[in-house]
Each structure stands twice: as structure tokens, then as C-alpha cells.
Amino acid sequence: MNFVGIFSAVLAALFMGTIGVFSRKTGLAPEVITFFRLFFGAGFLIILLLVTRRLRLLLTWPTWPVIINGLMLAGFIIFYIQAMNLTTMANAIMVLYLAPLIAAVFAHFFLRERLNTPSIILICTALFGFAMMMEFKIDFSSGRNHLLGLGFAGLSLACYSSFILINRTIRSTIHCYTRTFYQLTTGALCMAPLLVTNFPEITATNWLWLAGAGFFPGFLGILLAVIALEKLPAATFGTLAYFEPIFVVFLGWVLFEEHLNTLQLSGCLLILTSGAVKGYLTTRNGLDENRTNQTQAVPLAPEV
């Protein structure tokens, strides 16, 4: 079970990391890309349910926490976009990626997902590796309004943390397809007003790129994140979430010739190591729990 969660979390991080490629290839405004990422993502999920004959799952009321989490999904994207418009991308993303750590700490105190010493060390190591990738830079030399931009980044951080935590608390009786569809749909509806008054001209090529944005970081990325959060503690998911910036950097290197220096490569290595160790510990703990349960279930043989 833990292996499925870990695999889903890593794939979710990788697929979500592809959004930058689609953004650059289309050249469209961020709100346009975000809307179609969520809208087409919901559409691809409907296609999956039609093919697997499980469309009835969408007839289930998703509960208010699922709807609220759709608002959180839209909120963290909208506020992040606004933050990047007012301050630098590096500043915005440095604030946003505090979310996994904050979610893990909150889950420790309020969701009974206790943080042990290895978990604390590993998630802090992954965070430090991410800071190395950003070269420890808080840049105030460019941007229009850094204070307001950091404020929007803080709102994005709050929404992303809430997205992680609410998904951890949603009842397991609500199928992951149901909760994913309604989160995607709610997020798309929140973005729609931004396009109503100023819908851009979209070329045939860009429609294909938008479909890709809906399939990879939309449909696959968010569905796998929901699956992972159903099976993993917030601390484990938070550690593995740092695979996303690694993949973003990797794609920038391969597709756009954005080279990495020694500090950034060292940061990538720290994140990979932290994720691998955390995944191993989570899987091992899961196996130990299964063995304990099986041992307790076997009746003792009578004495002869």
C-alpha cells in the first residue's frame, strides 16, 4: 500500500513539473493555461471513467471538504501567478515550497501523524536542497512590489498546505476519482471568470499544447497527488513533493539549455537522497506493521 502511495507521489511531482514546458511553448497568459489545465484535466478523467464504465462515481456527492479543496487548488495557482507578477519567480517559489514542511508540522499536532526524528531530518534536508537549487537567493533588485508579491506567495502557501491537509482528512469512502474530478472542476470554475471578458486567440498548435497541459500536469498530476495523499502521511508526501522542482530544472536543462552549477546539482542530489530514504523508511514501516498484524492474527498453537 505504501509503495503505491510513494510511486504515485513521485509520478505526481514529475507530471506537475511539466507545466512550465507547456507554459513556455504556448506563450499564453498563466490564467489561460491554468484554466485549461484544470478544465481539460476534468475532461480526461471523464474519458477514463467512460472507458472503464465507472461514470457512476461522478453521481456521488463529493462532500464539502472536496469542494473546498477545489477552491484551495485554484487559490494556490492564482495567488502564485499573482506573486510572480509582483516579485521574482525565485522569491515566490521559495515561499510556496515551505508548504510541505508546514503541512507536515500541522499534521503532527492536529492529525496525529507524528513526526519522528528521521522524518524531521529528511524533510528539512529536502527543503535545504531546494534552497540550494534556488542558490539561496531572495532577490529584491527586480519586480514591481515585493512586499505585496510575498503576501500573495504566502496566500498561495496557505492554499497549497490546505490542499495537502484536506486531502489527508477526506473520508476514504469517497473514491479518488470522485474527489479528483470535483476538485479539478471547482478549480476550473474559479478560473473561468478571468477568461470571460478577455478570451485570447488560440492557434491550432496551442490547442494541442493546452490539451497536453490538461493531460499531464492536470489529469495525471493531480489525480496521482490525490491518490498519494490518500495513502501517505503528510510528511512523506511533503518530502517526495520536492521531486517536482528537480524535474523542472531537468526539463529546463534538456529542452531550454538552462545549465546547472555545482550548488544546484548538489541540491538536486540532496532532494533525491532524502526522497529515496524517506520512501524506504515508509515502505519498511508499512511492511513491519503488516507483519505485526499477521502475527497477532495467528492463534497460538496449544501446548502438548
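Under a plain spin-label model, where a point goes 7 Å from the Cα along Cα-to-Cβ, how far apart in nm are L50 and T169?
If labels sit at L50 and T169, their model points lie 3.6 nm apart.
If a paramagnetic tag sat 7 Å from the Cα of L263 along the Cα-Cβ line, which residues of region 59-94 would have the backbone N under 16 Å from that point?
90-91, 94, by backbone N distance to the label point.
Compute, for the chain, the length of the dipole vector about the Cα centre, with Cβ point charges of +1 (Lys, Arg) and -1 (Asp, Glu) only. Units Debye, rounded to 20.
Its charge dipole is roughly 600 debye.
Suppose only helical runs count, i.e. DSSP H with n ≥ 4. What mean residue ellipticity at 222 nm does that imply for the chain under -39500 (n - 2.57) per run, divided by all residues and rounded to the nearest 500 deg cm²/dmol?
Helix contribution divided over all residues of the chain: -24500 deg cm²/dmol.
Find the relative contact order for the chain and round it to a whole percent, using C-alpha pairs within less than 8 Å whose residues are 6+ positions apart.
This gives 41 percent for the chain.
Go ahead and set up a Gaussian network model of the chain, Cα springs under 10 Å, then flag whichever of F215, F22, F256 fluctuates most.
F256
Return one number: the angle in degrees, 0 to 90 and rounded to the nearest 10, between the long axis of the Cα atoms of helix 2-16 and the longest principal axis of the Cα atoms of the chain.
So the helix axis and the longest Cα principal axis differ by about 0 degrees.
In percent, what relative contact order does region 140-234 have, based on Cα pairs under 8 Å that are 6 or more apart in sequence?
About 57 percent, as a whole number.
If each residue of separation counts as 0.36 nm, what is the full-extension length gain between R284 and I121 once their alpha-carbon separation is subtracted?
Residue separation times 0.36 nm, minus the Cα-Cα distance, leaves 56.9 nm.
Where does helix 117-133 land angle-wise versus the long Cα axis of the chain, in degrees 0 to 90, nearest 10?
For 117-133 against the chain, the angle is about 20 degrees.
Ordered by residue, what ³J(HN,Hα) values in Hz, to whole numbers, does region 94-100 give under the Karplus form 6.51 cos²θ - 1.76 cosθ + 1.60, where θ = phi - 60° and Gly and Pro are x?
Rounded to whole hertz, the list is 5, 6, 4, 7, 7, 4, x.
Please report F79, F109 as a ranked list, fewest other C-beta atoms within 10 angstrom at the top and most at the bottom.
Placing the least packed residue first, the sequence is F109, F79.
Quick check: convex hull of the Cα atoms in region 53-212, volume per residue, rounded to a whole Å³?
176
Can you tell me the Rg and Dmax of region 207-287, counting just the alpha carbons, in angstroms?
Gyration radius and largest Cα-Cα distance of region 207-287: 15.2, 46 Å.
Compute the whole-percent fraction of alpha carbon pairs in the chain spaced more than 25 Å apart.
Percentage above 25 Å: 50.
Which whole-number percent is the relative contact order of region 1-146 (Cα, under 8 Å, 6+ apart)?
24
Values quoted throughout were computed directly from the atomic coordinates according to the rules given, and no laboratory measurement underlies them. Computed from a predicted model, the values in this text were never measured in an experiment. Using ideal geometry, Cβ is built from the backbone for each residue, glycine included, and neighbour counts are taken over all protein chains shown.
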